[in-house]
Amino acid sequence: MSHLESVSQGHAVPPAASGALRLPRLFDAGLDAVVVTALVAQLAITLVSVTLRALAHSSILWADDSAKLTLPVIAFLGGAIAYRRGQHAAIMVGISALPPFWREVCRALVEYLVLIVTVAAGLASIGLFRSRLGEVLPMLGLSGAWSVVPFTLGMVVVALTALERLTGFARAVHLAVAGVLALIALGLWAVWEPWTDVFASDHALPLIVAIFALAVLLSMPVGLALMLTTLAFLASTDIPTIALPQNMLDANSNFILLSLPFFILAGAVMEQGGISVRFVQFAMALVGHLRGGLLQVVVITIYLISGISGSKAADVAAVGSVMKAELEKRGYSAREGAAVLSASAAMAETIPPSIAMLVLGSVTPISIGTLFMAGLLPAAVIAVFLMVLIYALARRRGEVASPRMSARAIGRSAASAILPLAMPVFMVLGIKFGFATPTEISAFAVAYGLVLALFVYRALEWRALVRVGVNAAVLSGMVLFIVAAAGAFGWTLSAADLHTQLIDLLALAGNNHTVFMLGSILLLMVVGALLEGLPALIILGPVLLPIAAGLGIDAVHYGIVMILAMGVGIFMPPIGIGFYISCAVMGASVERTSQAMMPYFLTLLAGVLTVAFVPWFTHAVPRLFAG
């Protein structure tokens, strides 16, 4: 999560505005300081609370209350900073083929839409602030209205950023945008009048999906596109717009979500602290002698390092940056390296502490600890599939296997990696057996990573730690902002009766277990590719899980299948955001890598189907520990 922050979210960073409005650098520095302070303060509170409980059988009773204040700061101010940096997930495919002028028109149109959305949401949040003045956080004794303030300020920051960028567009672009908006308004008025009856019809769900899809194709950041769609639904009904900030804040009120920024910070510390190099050396000692040795190393390293970072963007950046030069030296093409990197990262979605697992566990009743245990073997199965494919392709190319390393060399590399390898083991066991919650474990993951990076390996300087903290806080803000917006969007889909319509669609398919499982995999792959994965789980998880339960499908097994399908979608060429990350890291052409990726994509699909229809792979490890 260092030099690849903007690339790792799969979009281009907007250029700085060259117009009249320019916010001072001190403004950005102040925002950075506020967000990283909130993250560090909550981390310290969590660590102290757990330590007191372990040593003195007491804890900080107001830790929960403090989280209700710090999480909105990280989510909405951190998300606003991510927007200013151009790090929000957005799909550029829709406008990339347009002529330059119309591409600029689309970018300006997006900024106008962002301005409208954030102003409307900010004004609505004022009413929410007033309504919560009477609420009191029980342990801190503070008004619950304070949790609304970061949302309001975040909307102000995003609106100011949109204005700043709009001043940099030419007058002809603004005139073209005005013409486009006028045509849209005229068309809506001509087709649907009155507008308030639109979403009251049976066409509510298709309209919601169409608005969101159009916004995403215009390259509007995913989180803000979700907000725009929710606002469009609210504007056409009698429901007040206060429902938007209320649902976004409610979606971020779960204490378990603190594990997201903590695990992201732990991953950043581990990456910058020289941990990934030790994993690569260990993997090389284990499988480097096989045909396709370095590509085999990529698969094993991703499997090992995923248990540290929890973030696929961090995995790809860490492993890809270390392996790129070595792959080139051994004669592997950049496209082959990018294809294997993509496939390996997709495979690793179910390796704890996967952010996808944490998010799914926070929006569904599935136990996060059980998910952590259940995901290990399915990922290993798909890893074996990939390694067999790499071996077969290498053999067809006539590649010769390398000499096997000596037992002493393997032992040295294992000893070098033993300390970081111990962390995911302790995390999984600690959560599974109830020694600590996922949030508490994630806080200790940060502390453990700092000890290794600063004092054991001495690969991270104290001055660099501030930059690592800020970048992790901003990335966390982007993720939590999308979680919040997807929560509000999910509420919209529920209000539009999505659940009933999906049940009706399922009934047409004959309530068939196999058809439902295949349909779920296809749906999550496509939606995961378009929405960068996490929003797909947040929106579809609570909807699909009850249907799966009605068909007798185990919730944990179905959750693992959902996460794997989503992971394949993220790295699916040519539209998956993760696929673009891998290409950027390896310096590979998207078009040529798409061709190289096809056998790996088909292998991933075969692996997901194997896991989906052989539930034993999901249940084996949890049953082992349960016994």
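Note on the range 164-184: residues that are out of contact with any Asp or Glu (no Cβ under 8 Å at 6 or more places or on another chain), part of a helix (DSSP H, G or I) and within 30 Å of VAL73 (Cα to Cα) amount to 1. Against the numbered list (1) charged (D, E, K, R); (2) over 22 Å from GLY86 (Cα atoms); (3) touching a residue at least 40 places away in the same chain (Cβ under 8 Å), ARG132 comes up short only at (3).
The one condition from (1) at pLDDT 80 or above; (2) in contact with a Pro (Cβ under 7 Å, 6 or more places away or on another chain); (3) not aromatic (Phe, Trp, Tyr) that LEU224 does not meet is (2). With respect to the conditions (1) hydrophobic (A, V, I, L, M, F, W, C); (2) surrounded by fewer than 23 Cβ atoms within 10 Å (Cβ to Cβ); (3) under 21 Å from LEU371 (Cα atoms), ALA612 falls short on a single one, namely (2).
Being modelled with pLDDT of 80 or more and touching a Ser or Thr at 6+ places or on another chain (Cβ under 8 Å) is true for just one of ALA380, ALA394, ALA338, ALA415. Which residue is that?
Answer to the selection: ALA338.
Evaluation of VAL114 against the conditions (1) β-branched (Val, Ile, Thr); (2) at pLDDT 95 or above; (3) exposed (fewer than 14 other Cβ atoms within 10 Å of the Cβ) shows that the sole unmet condition is (3).
Answer yes or no as to whether THR593 is touching an Asp or Glu at 6+ places or on another chain (Cβ under 9 Å) and under 29 Å from ILE95 (Cα atoms).
yes
Applying the criterion of being modelled with pLDDT of 85 or more and under 22 Å from ASP65 (Cα atoms) to the residues of the range 227-260, the residue that is surrounded by the fewest Cβ atoms within 10 Å (Cβ to Cβ) is ASP250.
Of all the residues in the range 216-226, those that are surrounded by fewer than 24 Cβ atoms within 10 Å (Cβ to Cβ) and more than 14 Å from ALA486 (Cα to Cα) number 3. Scan the range 340-357 for residues that are farther than 16 Å from ILE581 by Cβ and either β-branched (Val, Ile, Thr) or surrounded by fewer than 24 Cβ atoms within 10 Å (Cβ to Cβ) (or both) and the total you get is 2. Candidates PHE279, PHE255, PHE263: the one that is more than 22 Å from ALA346 (Cβ to Cβ) and either of a type in the set (Phe, Trp, Tyr) or without any contact (Cβ under 8 Å) to a residue 24 or more places away in the chain (or both) is PHE255. The condition (being assigned to a helix (DSSP H, G or I), at pLDDT 90 or above and not hydrophobic (A, V, I, L, M, F, W, C)) is satisfied by just one residue among GLY187, GLY154: GLY154. Out of everything in the range 269-326 that is outside any helix (DSSP H, G or I) and under 28 Å from PHE455 (Cβ atoms), what residue ends up being modelled with the highest pLDDT? Selected residue: GLY273.
The values are calculated or read from the model by the stated rules, or taken from the named source; none is laboratory data. Note that this is a predicted model, so its numbers are computed, not measured. Reconstructed Cβ throughout: ideal geometry from the backbone, glycine too, with neighbour counts over all protein chains shown.
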